[in-house]
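A short worksheet on the structure shown next.
Each reported figure results from applying straightforward, stated rules to the coordinates on display, with no laboratory input. The structure presented is a predicted model; accordingly, all values stated were derived computationally and were not measured. Glycine also receives a Cβ, built like all others from the backbone with ideal geometry; neighbour counts cover every protein chain displayed.
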Amino acid sequence: MAEAAAPLLSTLVAIVGATNVLTAPHDTAPFLTDWRGRYRGRARAVVRPGTTAEVAAIVRSCAEHGVAIVPQGGNTGLCGGATPHESGDEVLLSLVRMDRVRAIDRDNATMTVEAGLPLQRVQEAATDAGLMFPLSLAAEGSCSIGGNLSTNAGGTAVLRYGNARDLVLGLEVVLADGQVWQNMKGLRKDNTGYDLKQIFLGSEGTLGIITAAMLKMYPQQRASTTAFTAVRDVDAAVALLRHMRDSLGDRLTGFELISAPCVSLARSQFPDLPDPLPGHDWYTLIQADDSATDAHLGELVEAALATAIEREVVIDAAVAQSAGQAGDLWALREHIPEAQRLEGPNIKHDISLPVSRVAEFLARCKRELDGAMPGVRYVTFGHLGDGNLHYNLSPPAGVPATAFMDQAEQANRIVYDLIDALGGSFSAEHGVGQMKLDEMRRYKPALELELMQRLKHALDPQNTLNPGKVV
């Protein structure tokens with residue numbers, strides 16, 4: 001294989017320079033394992049282009065040699081979508097060097113950025129321009145905007161601003177044959193046929209490689225209020241969501257559901273995290289924002305919560321009195337995934353449902369899992385405002401993690417069969433990658449799968465772009 005790979009590697013070195021074609025194991029290792037450590041692959045090389053022209057030249061060269069490409073951004077994905085396979089035949093294309101802000105149009109409220117720019121730097125550039133980019137998630141310091149778009153990331157502000165695909169006005173994409181498709185006009189109205197950018201958003205690099213994007217910006221939020229509430233059960237949380245929507249309208253930015261075991265787990269791993277309202281089974285974390293300077297937002301939130309308490313929808317509530325307190329409340333929520341990772345292996349589910357069926361799902365699924373896996377511990381949290389739950393299962397006390405993980409397939413069938421029956425999805429915001437290929441075949445309608453495969457074949461007939469992922 002080394003002899004066969006030599007001509008291609010020489011071409012890649014000619015395109016990007018020797019320092020940006022990594023082959024030594026100690027250099028390539030960080031790119032070949034996913035964030036969770038669940039997937040480990042090998043690659044002929046890790047190649048780091050610095051321009052779209054270099055990406056196009058790499059793609060053309062790999063196509064000529066019949067070599068597949070795995071695009072990768074910040075390598076924070078959770079489904080193995082940016083990890084190469086174990087064959088070692090693929091080239092991993094890392095976009096980390098493509099991290100520039102190309103342009104900001106203040107009047108059009110748009111920003112053009114390259115795919116390797118970390119999400120946090122997108123947010124900072126928007127702030128520096130007097131605007132805001134609302135996509136926000138726990139990994140924003142290390143994930144890249146290209147990865148966010150290729151997986152259609154969700155995060156904490158979907159309730160108000162939508163998923164990543166809703167924040168894009170234009171894309172630059174390198175196609176499987178090395179051609180560059182660019183539609184960066186920055187138009188909010190363009191009724192001239194198919195909206196081609198939507199094909200690539202959420203496709204996980206299987207149809208084309210996103211190299212740049214034109215993003216929507218929004219006015220900066222001049223008023224912000226964060227509240228943490230204790231509620232009796234999930235039905236009460238859903239009722240509170242409806243009440244806060246009615247009271248605040250589109251000022252309601254985020255509405256998170258957190259179970260008591262999540263709080264305990266996060267604080268066991270990170271003792272400095274707050275415990276605002278101890279002793280309850282369920283909590284919500286509420287974020288409200290307003291761009292008006294005289295919004296009186298805090299008063300509106302407190303009044304709405306007071307009414308909810310009077311109606312016995314809320315048991316107790318704590319409203320942050322400073323930006324620091326608000327940050328601490330969000331830190332409690334954002335440290336839950338890391339706390340789970342530190343505790344050890346667990347069975348994860350990133351699922352979505354109509355909000356109206358979340359409580360029913362949790363009750364029914366618990367009954368089934370309790371019967372099949374006695375003692376299983378539930379670590380349930382997520383974005384209740386948009387129906388996205390992170391429904392994670394941890395081993396019973398004293399049960400070895402390995403033995404528990406052997407039950408993952410049984411647990412998945414119970415969870416996903418019920419999700420399907422209730423009109424939900426087995427992947428809400430993390431994508432499909434290589435982790436959920438079997439679920440795609442099991443739960444996607446046959447015609448829908450066929451249409452996806454037709455599209456894949458039309459845009460990537462040689463199957464060189466991230467093969468074995470999504471479809």
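What helices (runs of 4 or more DSSP H) lie completely within the range 117-228 and have 3 or more residues being more than 12 Å from the chain's Cα centre (by Cα)? Can you show your working first?
Details: elements: 119-128, 145-150, 158-161, 197-200.
In the range 117-228, 119-128, 158-161, 197-200 are the helices (runs of 4 or more DSSP H) which contain 3 or more residues that are more than 12 Å from the chain's Cα centre (by Cα).
I'd like the full set of residues that are surrounded by 22 or more Cβ atoms within 10 Å (Cβ to Cβ) and within 26 Å of Lys436 (Cβ to Cβ), limited to the range 35-58.
Within the range 35-58, Ala43, Val46 qualify.
Read through the list (1) in contact with a strand residue (DSSP E or B) (Cβ under 7 Å, 6 or more places away or on another chain); (2) closer than 22 Å to Asn463 by Cβ, then give the number of the only condition that Gly66 fails.
Among (1) in contact with a strand residue (DSSP E or B) (Cβ under 7 Å, 6 or more places away or on another chain); (2) closer than 22 Å to Asn463 by Cβ, the lone unmet condition for Gly66 is (1).
For residues in the range 187-230 being within 30 Å of Arg333 (Cα to Cα) and of a type in the set (Phe, Trp, Tyr), which is surrounded by the most Cβ atoms within 10 Å (Cβ to Cβ)?
Of everything passing the filter in the range 187-230, Phe228 is surrounded by the most Cβ atoms within 10 Å (Cβ to Cβ).
Kindly check whether there is at least one residue in the range 19-27 that is among the hydroxyl-bearing types (Ser, Thr, Tyr) and either touching a residue at least 24 places away in the same chain (Cβ under 8 Å) or in contact with a Gly (Cβ under 6 Å, 6 or more places away or on another chain) (or both). Spell out the reasoning first.
Restricting attention to the range 19-27, the residues satisfying the condition of being among the hydroxyl-bearing types (Ser, Thr, Tyr) are 19, 23.
The next check asks that each one be either touching a residue at least 24 places away in the same chain (Cβ under 8 Å) or in contact with a Gly (Cβ under 6 Å, 6 or more places away or on another chain) (or both); those that pass are none.
For the range 19-27, residues among the hydroxyl-bearing types (Ser, Thr, Tyr) and either touching a residue at least 24 places away in the same chain (Cβ under 8 Å) or in contact with a Gly (Cβ under 6 Å, 6 or more places away or on another chain) (or both): absent.
Would you mind telling me which numbered condition in (1) more than 20 Å from the chain's Cα centre (by Cα); (2) polar (S, T, N, Q); (3) in a loop (DSSP other than H, G, I, E, B) Asn75 fails?
Here Asn75 meets the rest and fails (1).
Among (1) surrounded by fewer than 21 Cβ atoms within 10 Å (Cβ to Cβ); (2) closer than 22 Å to Leu207 by Cα, there is one condition Asn108 misses while meeting the rest; what is its number?
Of everything listed in (1) surrounded by fewer than 21 Cβ atoms within 10 Å (Cβ to Cβ); (2) closer than 22 Å to Leu207 by Cα, Asn108 misses just condition (2).
What are the pairs, 6+ residues apart or on separate chains, where a residue within the range 62-79 that is buried (at least 22 other Cβ atoms within 10 Å of the Cβ) has its Cβ under 8 Å from a residue that is in a helix (DSSP H, G or I) and of a type in the set (Val, Ile, Thr)?
Ile69/Ile58; Ile69/Val59; Gly73/Ile145
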